Amino acid sequence: MGRLIAISNRTAADPSARAGGLAVAVWESLKSSGGVWFGWSGDIAERQSRSVQSLKDDGVEFVLTDLTEREHDQYYLQYANSVLWPVFHYRLDLAAFNSDAFQVYAAVNQRIANIVTERLRDGDTVWVHDYHFLLMGDSMRRAGWDGPIGFFLHIPFPPPEVFRALPEHQWIARAMCNYSVIGLQSEQDRSNFTRYLIEDCKAVDRGDGVYEAFNTTIKIEAYPIGIDAEGFAEAAKTEKAKEASDRIGRFLGGRNLVIGVDRMDYSKGLPERFEAVGRMFDDYPETRGSVSVTQIAPPSRSKVDEYRELRRTLDGLAGRINGDYGDLDWIPLRYLARSYDREELAGLFRIARVGLVTPLRDGMNLVCKEFVMAQDEADPGVLILSEFAGAAEQLKDALLVNPHDTRKLAEVIQHALTMPLEERVERWKSLRETVVEQDIAWWRKKFLKDLTALQDTR
Ligand code: ADQ
């Protein structure tokens with residue numbers, strides 16, 4: 001096999017960014033093939049001084065470009081994060097449609113495609129990641145690359161009825177048909193995307209995940225992303241993890257911990273989760289004084305208005321719940337707007353009785369898988385998982401909930417808190433088996449097997 005070429009908006013050029021699931025998966029694949037990783041440097045520069053830097057680490061080459069202020073604003077903040085992110089999470093109400101920003105988005109895809117294509121060699125395999133680069137396949141074809149290109153979408157693909165609201169939907173779908181393999185997180189996403197192609201692009205289903213559209217064939221499959229399962233289980237047993245459990249243990253004073261860990265994003269269902277917690281203290285008085293809920297949610301993309309609004313809503317809800325129910329020696333709902341490192345999170349998950357993962361919509365969600373792997377097998381906690389996370393298709397033995405139904409969610413939290421040990425162990429064993437079997441290496445191999453199969457037939 002030739003070199004593996006990865007393209008993603010952010011790369012793991014900074015070693016501290018190699019801890020996340022995607023970074024680990026891509027990094028491991030690149031190291032074994034002596035690959036190249038293209039992306040944004042993270043810097044903003046004037047057009048004239050905008051550079052393309054190349055650096056090498058452990059046999060992997062990073063080729064990074066700066067963005068101009070305008071590119072950063074229109075391509076990244078506007079089109080990717082204020083149009084595509086909400087639409088792909090089924091939130092047309094939050095989309096700030098903007099066709100000027102689309103032009104810049106397309107231009108950035110083309111500019112990076114040119115940088116990549118100039119540096120490609122025959123036999124290279126290209127793997128593009130996520131919604132920042134939906135047009136990359138098409139842009140690379142324009143730049144002259146005719147080898148296989150794989151694409152993996154980390155976020156959901158919406159139903160055709162929602163996708164059609166995007167003014168540029170035809171352009172985007174047609175451009176995506178230049179990819180050779182398109183990977184989606186779940187069966188639901190795969191079915192949404194292929195239904196759109198059949199209904200709007202006259203695609204023909206050739207069976208076995210192969211579709212024909214616009215005179216080309218595309219393999220379209222669900223490849224649910226996993227985590228470094230054994231690595232996370234180990235992280236939960238480190239000294240740092242234990243210190244974090246001890247610190248929160250002192251605050252808990254023997255109470256049960258219910259934990260949530262998310263990026264602060266409207267897709268994660270945080271206001272609904274807070275409402276449900278308030279409801280639980282209302283409907284189940286026995287939980288007052290005996291349960292502490294901790295939500296960790298560092299602000300992300302704080303330049304975008306909706307996130308500031310979300311922050312205000314959460315501050316208000318947490319204040320109300322603590323004002324209504326709190327006591328001299330008990331804070332019912334703690335909300336920490338900061339991030340913790342992997343070992344600390346693992347330690348917090350391990351000591352929690354319940355993990356609350358209730359996004360309104362999520363491509364996969366890795367936190368639920370991390371929660372499972374961090375548990376103590378002799379006394380595991382219970383996972384409550386939204387039926388609208390991609391992970392719900394795999395983790396059937398979690399307590400699956402509709403996050404909009406806050407009354408029911410309150411009841412399910414109470415049920416999880418009182419679940420007998422035997423049932424907790426049984427559910428956890430089954431969840432653990434899936435998370436270990438379908439881990440990050442399994443995901444990478446599954447995708448690359450399909451992509452390189454095309455390379456071999458050329
Ligand atoms: P995200 O939306 O970022 O990812 P998720 O998969 O849950 O969501 O989390 C990614 C990582 O961030 C996890 O490893 C988690 O531990 C970490 N993280 C989250 N909150 C944190 C906090 N408060 N402090 C420290 N670390 C935190 C996108 C898609 C998901 C998809 C992933 C991978 O939106 O649906 O699962 O990509 O494909």
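Could you check segment 50-82 and list, in sequence order, the residues that are hydroxyl-bearing (Ser, Thr, Tyr) and in contact (Cβ under 8 Å) with a residue 12 or more places away in the chain? Break it down into steps so the answer makes sense when it comes.
Initially, segment 50-82 is screened for residues hydroxyl-bearing (Ser, Thr, Tyr), giving 51, 54, 65, 68, 75-76, 79, 82.
Residues satisfying the conditions are Ser51, Thr65, Thr68, Tyr75, Tyr76, Tyr79, Ser82.
Name the residue that is nearest to the chain's Cα centre (by Cα), counting only residues in segment 408-458 that are open to solvent by 60 Å² or more (accessible area, probe 1.4 Å) and of a type in the set (Val, Ile, Thr).
Thr418
If Leu383 satisfies every condition in (1) under 24 Å from Glu343 (Cα atoms); (2) more than 25 Å from the chain's Cα centre (by Cα) but one, which is the exception?
Result: Leu383 passes all but (2).
Under the condition of being in contact with a Ser or Thr (Cβ under 8 Å, 6 or more places away or on another chain) and among the charged types (D, E, K, R), which residue from segment 60-84 is least open to solvent (accessible area, probe 1.4 Å)?
Going through the qualifying residues, I end up with Asp66.
Do the conditions hold for Met419, that is, is it under 30 Å from Gly147 (Cα atoms) and in a loop (DSSP other than H, G, I, E, B)?
Numbers: under 30 Å from Gly147 (Cα atoms): no; in a loop (DSSP other than H, G, I, E, B): yes.
No, not satisfied.
Check Asp324, Asp305 and return the single one that is surrounded by fewer than 13 Cβ atoms within 10 Å (Cβ to Cβ), away from the ligand (no atom under 16 Å from the Cβ) and modelled with pLDDT under 95. Don't jump to the end; show me each part of the working.
Working: Asp324 fails: modelled with pLDDT under 95.
Selected residue: Asp305, the only one of Asp324, Asp305 that is surrounded by fewer than 13 Cβ atoms within 10 Å (Cβ to Cβ), away from the ligand (no atom under 16 Å from the Cβ) and modelled with pLDDT under 95.
Of all residues in segment 277-302, which are modelled with pLDDT under 90 and in a loop (DSSP other than H, G, I, E, B)?
Selection gives Pro298, Ser300, Arg301, Ser302.
Of everything in segment 144-161, what is more than 11 Å from Val126 (Cα to Cα) and in contact with a Lys or Arg (Cβ under 9 Å, 6 or more places away or on another chain)? Give them in sequence order.
Ile155, Pro156, Phe157, Pro158, Pro159, Pro160
Taking into account only those residues within segment 241-264 that are within 15 Å of the ligand (Cβ to nearest atom) and assigned to a helix (DSSP H, G or I), which is nearest to Leu314 (Cα to Cα)?
Ile248
Looking for whichever is within 16 Å of the ligand (Cβ to nearest atom) and either without any contact (Cβ under 8 Å) to a residue 24 or more places away in the chain or more than 18 Å from the chain's Cα centre (by Cα) (or both) here; the options are Ala12, Ala6, Ala45, Ala17. Which one fits?
Sole residue among the options that is within 16 Å of the ligand (Cβ to nearest atom) and either without any contact (Cβ under 8 Å) to a residue 24 or more places away in the chain or more than 18 Å from the chain's Cα centre (by Cα) (or both): Ala17.
Does segment 265-275 include one or more residues that are over 20 Å from the mean Cα position of the chain (by Cα), farther than 30 Å from Gly231 by Cα and away from the ligand (no atom under 16 Å from the Cβ)? Reasoning before the result, please.
Of the residues in segment 265-275, the ones over 20 Å from the mean Cα position of the chain (by Cα) are 274-275.
Retained after the next criterion (residues that are farther than 30 Å from Gly231 by Cα): 274-275.
From what's left, away from the ligand (no atom under 16 Å from the Cβ): 275.
Yes, because at least one residue in segment 265-275 is over 20 Å from the mean Cα position of the chain (by Cα), farther than 30 Å from Gly231 by Cα and away from the ligand (no atom under 16 Å from the Cβ).
Report whether or not Asp100 is acidic (Asp, Glu), in a helix (DSSP H, G or I) and either open to solvent by less than 40 Å² (accessible area, probe 1.4 Å) or in contact with a helix residue (DSSP H, G or I) (Cβ under 6 Å, 6 or more places away or on another chain) (or both).
For Asp100, the condition - acidic (Asp, Glu), in a helix (DSSP H, G or I) and either open to solvent by less than 40 Å² (accessible area, probe 1.4 Å) or in contact with a helix residue (DSSP H, G or I) (Cβ under 6 Å, 6 or more places away or on another chain) (or both) - is not met.
Can you name the residue in segment 243-266 that is of a type in the set (D, E, K, R) and out of contact with any helix residue (DSSP H, G or I) (no Cβ under 6 Å at 6 or more places or on another chain) and is also least open to solvent (accessible area, probe 1.4 Å) among such residues?
Top of the filtered list is Asp265.
If you take the residues of segment 386-404 that are closer than 19 Å to Gln295 by Cβ and open to solvent by 40 Å² or more (accessible area, probe 1.4 Å), which of them is nearest to the chain's Cα centre (by Cα)?
Phe388
Please determine, by comparing only the residues of segment 328-371 that are more than 8 Å from the ligand (Cβ to nearest atom) and charged (D, E, K, R), which one is most open to solvent (accessible area, probe 1.4 Å).
Checked segment 328-371; the qualifying residue most open to solvent (accessible area, probe 1.4 Å) is Asp329.
Which numbered condition in (1) closer than 23 Å to Ile351 by Cβ; (2) assigned by TED's automatic domain parsing to the domain that holds His129 is the only one that Lys268 fails?
Looking at each condition in turn, Lys268 falls short on (2).
The values are calculated or read from the model by the stated rules, or taken from the named source; none is laboratory data. Just so it is clear, the structure is predicted and the values come from calculations on it, not from any experiment. We place every Cβ from the backbone using ideal geometry, glycine too, and count neighbours over all the protein chains shown. For the accessible areas, the whole protein counts, side chains as well, though only heavy atoms, and no ligand, DNA or RNA atoms are used. Shrake-Rupley method; radii C 1.70, N 1.55, O 1.52, S 1.80 Å.
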